[in-house]
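Worksheet: one structure, shown below.
Every read-out reported here was derived from the displayed coordinates using simple, explicitly stated rules and does not represent laboratory data. A quick note: this is a predicted structure, and the numbers were derived from the prediction, not measured. Here the Cβ positions follow ideal geometry from the backbone for every residue, glycine too, while neighbour counts run over all protein chains shown.
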Amino acid sequence: MTDARPLRSLLYMPASNARAMAKARSLDCDAVCLDLEDAVAPEAKAEARAALVAEVQAGGFGHRRLIARINGLSTPWGHDDLAALAQAPVEAVLAPKVDDSANVQALSAGMDAAGFAPDVKLWVMVETPRAVLALERIADCARVTRLAGFVLGLNDLAKDSGIAQLPGRIAFLPVLTMAVLAARANGLVILDGVCNAIEDTARLEAECVQARESGFDGKTLIHPAQLATCNRVFAPSEADIAEAESIVAAFADPANVGKGALRLNGKMVELLHLAQAEKVLATAAAIAAR
Ligand SMILES: CC(C)(COP(=O)(O)OP(=O)(O)OC[C@H]1O[C@@H](n2cnc3c(N)ncnc32)[C@H](O)[C@@H]1OP(=O)(O)O)[C@@H](O)C(=O)NCCC(=O)NCCSC(=O)C[C@H](O)C(=O)O
Ligand SMILES: [Mg+2]
């Protein structure tokens, strides 16, 4: 079944930051990601893990999807993270720094062994050079594991590849495109990486537009100030909605019954555009229902 819930914005916060986690319950984000990995110092890992579990069990996050980012299974904390989260009401576990399909299989098996409910998904970060080279194999794991999402991690990818994080992200474009294609070929959701420049709204907007045009569902964020721009860019615009409504109306017109292609406002529209239009309207309705 298609999931019509919007996934425009995922806001990360360190699970060691109680104030941020409390604030998340009132922020306009589609998902929150409580982080145990890079935002939490090694000496604070155990305390952050306990705080994360307590926060999600306390509830109050409403429509926001709850995602927990664990430490990698090769670190001293990864297995304890999985064990602690198994009974926690999260929608997905996000795993960092996977390199290939074997990592995904191990993570999914680890979730099974830890006792996660069958509907809890596995999302993985695409943030190592090896992962980029193995995108197809990794995404293909969705057939036989819990894998259901990709999240780009361009800070780590920049660090390990030497690719510079510059405005425009030209050197990253092949990665963005290949990650989207691998995700779509396997039914995964896919979110763009973060924009570190908290105060540069123009840069954030440009990255959101680029990601939206590249096919991403949404973008990951690091600060509440980034939410409004991201939510606006990834939501269908008024023009998108008006166009979608006109396509649906045209195909519903009795004069067009049985036609597969129409001329509408100077453009060709086919049944595939009807399907796209219906998706736009479903997303817009889901956002409006918030
Ligand atoms: C980046 C920050 C450290 C900035 O912190 P600070 O300067 O203290 O923020 P503000 O004073 O502007 O905060 C104003 C209020 O907003 C709340 N706040 C701030 N950030 C968040 C947040 N992320 N979620 C929820 N609420 C937040 C503050 O509590 C203030 O509230 P109030 O006191 O009521 O006024 C900080 O923003 C931060 O820690 N951001 C998240 C960092 C993080 O999680 N990093 C890890 C994920 S990113 C990553 O790893 C990418 C990937 O793996 C890759 O490789 O690229
Ligand atoms: Mg990272």
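Which three numbers, in whole Å and largest first, are the semi-axes of the equivalent ellipsoid of region 238-288 derived from its Cα gyration tensor as √(5λ)? Present the calculation step by step, with values, prior to reporting the outcome.
Values: eigenvalues 80, 24, 16 Å².
After scaling each eigenvalue by five and taking roots: 20, 11, 9 Å.
Please determine, in degrees from 0 to 90 and to the nearest 10, the orientation of helix 201-214 with respect to the longest principal axis defined by the Cα atoms of the chain, where the helix direction is its Cα long axis.
Computed tilt is about 70 degrees.
Can you list residues from other chains, or at least 5 along the same chain, whose modelled amide H is less than 5 Å from the amide H of Leu94?
Ala68, Arg69, Ile70, Trp123
Please compute the contact order of the chain in relative form: average sequence separation of alpha-carbon pairs under 8 Å and at least six residues apart, divided by the residue count, as a percent.
Details: 488 pairs, mean separation 46.8, N = 290.
Relative CO of the chain lands at 16 percent.
Given 5 Å bins starting at zero, what is the percent of C-alpha pairs of region 68-174 in each, up to the one with the largest pair distance?
Per 5 Å bin, starting at 0, the Cα pair percentages come out as 2, 13, 24, 22, 17, 11, 6, 4, 1.
For the chain, take the longest principal axis of its alpha carbons; what is the angle in degrees between that and the long axis of helix 45-58, to the nearest 10 within 0 to 90?
In the chain, helix 45-58 runs at an angle near 50 degrees to the longest axis.
Whole-Hz ³J(HN,Hα) for each residue in region 109-114, computed from phi via Karplus 6.51 cos²θ - 1.76 cosθ + 1.60 with θ = phi - 60°, x for glycine and proline: what do you get?
Running phi through 6.51 cos²θ - 1.76 cosθ + 1.60 with θ = phi - 60° gives 5, x, 5, 4, 5, 6 Hz.
Under the rule of at least 5 residues apart or a separate chain, name every residue whose amide H is placed under 5 Å from the amide H of Leu264.
Correct list: Val269.
Using a/c under 1.5 as the rounded threshold, could you call the chain rounded, prolate or oblate? The axes a ≥ b ≥ c are square roots of the C-alpha gyration tensor eigenvalues, and prolate needs a/b larger than b/c, oblate otherwise. List each step's numbers first, then the result.
Details: a/c = 1.69, a/b = 1.66, b/c = 1.02.
Because a/c hits 1.5 or more and a/b exceeds b/c, the chain counts as prolate.
Output the antiparallel fraction of DSSP beta bridges having both residues in the chain, as a percent to the nearest 5. Could you put the intermediate results ahead of the total?
Details: 4 of 34 bridges.
Bridges in the chain that DSSP calls antiparallel: roughly 10 percent.
Across region 155-164, in residue order, what do the Karplus-derived ³J(HN,Hα) couplings come to in whole Hz, using 6.51 cos²θ - 1.76 cosθ + 1.60 with θ = phi - 60° and x for Gly and Pro?
Once θ is set to phi - 60°, the couplings for region 155-164 become 5, 5, 5, 5, 4, 8, 10, x, 6, 7 Hz.
I need the phi-derived Karplus couplings for region 274-290: 6.51 cos²θ - 1.76 cosθ + 1.60, θ = phi - 60°, integer Hz, Gly and Pro marked x.
4, 4, 5, 5, 5, 5, 4, 5, 5, 5, 4, 5, 5, 5, 5, 6, 5
Does region 117-257 come out rounded, prolate or oblate by the C-alpha gyration tensor, with a ≥ b ≥ c the root eigenvalues, rounded set by a/c under 1.5 and, if not, prolate when a/b is larger than b/c and oblate if not? Could you put the intermediate results ahead of the total?
Numbers: a/c = 2.07, a/b = 1.30, b/c = 1.59.
Oblate shape, in that a/c is at least 1.5 and b/c is the bigger or equal ratio.
State the Cα centre-to-centre distance between region 2-52 and region 262-282 in whole Å.
What the calculation gives is 38 Å, centre to centre.
By counting other Cβ atoms within 10 Å of each Cβ, how are Trp123, Trp77 ranked from fewest to most?
Values: Trp123 25, Trp77 20.
Lowest to highest Cβ neighbour count: Trp77, Trp123.
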